[in-house]
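The values are calculated or read from the model by the stated rules, or taken from the named source; none is laboratory data. As the structure is a prediction and not an experimental result, all values here were calculated from the model. What goes into the accessible areas is simple: the full protein's heavy atoms, side chains included, and nothing from ligands, DNA or RNA. Shrake-Rupley method; radii C 1.70, N 1.55, O 1.52, S 1.80 Å.
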Amino acid sequence: MNKLCNPARRVAAALAIITALSSAGGGTAMATPPAEPFGEAELSGAELSPDRQQMLGHDQRIILIDAGHGGIDGGTSHGEILEKDITLSISRRLFLLLRADGFDAILNRIGDYAPSDENGWLRSRSRHLRDLAQRKELAETLPANVVVSVHVNWSPNPAKHGPLVLYREEGRSFMLAKSIQNQLNLMYGMKSDPRAGKPFYLLNKITATTVIVEAGFISSPEDRERLCTPKGQEAIAEAIAEGIAAYLMEV
């Protein structure tokens, strides 16, 4: 079996992320990806030990935080400000908040690298497709119960601003999107509604309850103040965390 396809190795990678971030505190420094993305230990064919199963919360609900873009894929931008850096900073903060509240949260990247770099099983010339497929496969392998993909929006109109949560046209996805949107609206002082995101790969392919959170517009001077400062990123992460918690209390 290709070592990049082995579920045990993928779960080991998730555990490494949990350990690294849990010991990192609230800092936002970038971490470089290891040369061997799943660690040095050979885990091919290995069974997960009971303590690892418990650590991953197999008896509970696993929340996978998908930090959008990374590596060669910078996402949208404003000058030298890149979406990939903002999504990672917000996602790291969200991870730490959820873990502090006792949730089984997992973050799919802790540094500036593309998940497509780890995808050696999908024979596609499209780096973008390999990236999306890798994110989807991690969600299925864990398996995640809730997936929140963090992104940043852009518009040619700098006056357009505010958060937007996209959902799959399915009850639980809508409920999660509505719950997160409500919390972000309170922070932004807006009354926006979540929207269906029909064309988005992650919404269509991941089995778990999945939403895409557009945390604000990088093209908006008002939103950039939140997106690019530690205080603003913490407020966004707190709003998303509150939305996730409120949803889980309902279901």
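Okay, here's what the table says:
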read-out: Added length on full extension, which subtracts the Cα-Cα distance from 0.36 nm per residue, residue 229 to residue 80; value: 52.2 nm
read-out: Carbon/sulfur fraction of accessible area - region 100-251, other protein chains in place, 1.4 Å, %; value: 51
read-out: Partner lysines for residue 205 [C-alpha distance under 27 Å; skip if fewer than 8 residues away on the same chain]; value: 3, 84, 136, 178
read-out: Relative contact order (%) - region 113-251, alpha-carbon pairs under 8 angstrom, separation at least six; value: 30
read-out: By accessible area with a 1.4 Å probe, ligands and nucleic acids excluded, highest first: order of 249, 187; value: 249, 187
